[in-house]
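Since the structure comes first, as structure tokens, the remarks are kept for the end.
The values are calculated or read from the model by the stated rules, or taken from the named source; none is laboratory data. Just so it is clear, the structure is predicted and the values come from calculations on it, not from any experiment. Cβ coordinates were reconstructed from backbone atoms using ideal geometry, including for glycine residues, and neighbour counts include every protein chain displayed. Heavy atoms of the whole protein, side chains included, go into the accessibility calculation; ligands, DNA and RNA do not. Shrake-Rupley method; radii C 1.70, N 1.55, O 1.52, S 1.80 Å.
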Amino acid sequence: MAYNVLIVDDSIPMRGIIKKIIKASGFNVKHFFEAADGNEALKILNEEWLDLVLTDYNMPGMNGLELLDEIKKSDTLKSIPVVVITTEGSKQRLVEFFEKGAMDYIKKPFTPEEIKEKLNLIMGEPQYEERILDNGDEELDF
């Protein structure tokens, strides 16, 4: 299945880097949408069919946590998985992301392999889940 992905980051070059890494990972994207902050993201979310949101935390206007709040308030948007991509690494900040409804986070910098693994798990890609189950048996000690 191909996914419509919204990338929310105030840095145009960073949005380009995230797209490039996702493409290199092989994660199946039908269309990328981009927003410079949470306000732009909400406009796109209300106009387009999206399967996944990747958002930065630190942005002017509406930051990533505020965007999560707005998404989770909406009956039509709250089921869309949100992943925070950030340089923030404090345990307190990560707890905030999850309390606000983030499905996961990815710490910058990241590799194509890391992003593919996380996005496939979040989107429930069956072939990826089967591979984890198949490989997981090797480490079981019965």
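Checking each residue of segment 125-134 against the condition of being over 21 Å from Leu50 (Cβ atoms), open to solvent by 30 Å² or more (accessible area, probe 1.4 Å) and at pLDDT 75 or above gives no match. Out of all the residues in segment 1-32, which are open to solvent by less than 40 Å² (accessible area, probe 1.4 Å) and in a strand (DSSP E or B)? If the condition is that a residue be open to solvent by less than 40 Å² (accessible area, probe 1.4 Å) and in a strand (DSSP E or B), then Tyr3, Asn4, Val5, Leu6, Ile7, Val8, Val29, Phe32 are the ones that fit. The condition of being surrounded by fewer than 18 Cβ atoms within 10 Å (Cβ to Cβ), over 20 Å from Asn28 (Cβ atoms) and among the hydrophobic types (A, V, I, L, M, F, W, C) does not hold for Leu68. Restricting attention to segment 93-104, which residues are open to solvent by 60 Å² or more (accessible area, probe 1.4 Å) and in contact (Cβ under 8 Å) with a residue 12 or more places away in the chain? Scanning segment 93-104 gives Lys100, Met103. A search for C-beta distances below 8 Å between a residue of segment 33-62 that is farther than 18 Å from Met103 by Cα and in a strand (DSSP E or B) and any residue that is at pLDDT 95 or above and among the polar types (S, T, N, Q), counting only pairs 6+ apart in sequence or on different chains, returns Phe33/Asn4. Taking first residues from segment 111-140 that are aromatic (Phe, Trp, Tyr) and partners that are open to solvent by less than 100 Å² (accessible area, probe 1.4 Å) and modelled with pLDDT of 55 or more, the Cβ contacts under 7 Å between residues at least 6 apart in sequence or on separate chains come to Tyr128/Asn120; Tyr128/Leu121.
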